[in-house]
Amino acid sequence: METEASILALAALAQSTRLEAFRLLVRHEPGGLPAGEISNHLAIPANTLSSHLGVLTRAGLIRSERRSRSIIYRADLDRFRELVLFLLKDCCEGRADLCQPLLAELAPCRP
């Protein structure tokens, strides 16, 4: 991941509604959620949500697909993985002993 792309993604997540929307979509992978359900979960108006989803989409963190009459939003976990790896790539300048606590906390996330 390039520096500019990571800045765009981090900026998109640096707002509470967008962060909560992204986290909600991560929890609903792989099926995703329609915009109306996201709006209900977050208790925000549809037009406000649309703006936030647009920011997350432009940052590459979510994507949408049309299913019948609904638009389903999904977290782009590959892009999120790229962002996390970009942030951790040179973790502690290669000192495994310093990175180990972080990796141990991430371990329950792995299948």
Which value in deg cm²/dmol, rounded to the nearest 500, describes the helix-derived mean residue ellipticity at 222 nm for the chain, given -39,500 (n - 2.57) per DSSP H run of n ≥ 4 and division by the residue count?
-18500 deg cm²/dmol
Nearest-0.05 FRET efficiency for Q100 and L77, computed from C-beta distance (R0 25 Å)
0.55
How much net charge surrounds E20 when only the other residues with a Cβ under 15 Å from the Cβ of E20 are counted, with Lys and Arg +1 and Asp and Glu -1?
+2
Counting Lys and Arg as +1 and Asp and Glu as -1 over every other residue whose Cβ sits under 13 Å from the Cβ of P34, the net charge comes to +2
Checking the a/c ratio against 1.5 first, then a/b against b/c, what shape does the Cα gyration tensor give for the chain?
prolate
May I ask you to give the percent of accessible area on the chain that is carbon plus sulfur, with a probe radius of 1.4 Å?
55
Counting only C-alpha contacts under 8 Å and six or more residues apart, can you give the relative contact order of the stretch 1-85 as a whole percent?
35
Would you mind getting the accessible area per residue of the chain, heavy atoms of the protein chains only, 1.4 Å probe, in Å²?
66
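The values are calculated or read from the model by the stated rules, or taken from the named source; none is laboratory data. All values reported here derive from a predicted model rather than from experimental measurement. Methodologically, a virtual Cβ is constructed for each residue, glycine included, from the backbone with ideal geometry; neighbour enumeration extends over all protein chains shown. SASA here: full protein model, heavy atoms, side chains in, ligands and nucleic acids out. Shrake-Rupley method; radii C 1.70, N 1.55, O 1.52, S 1.80 Å.
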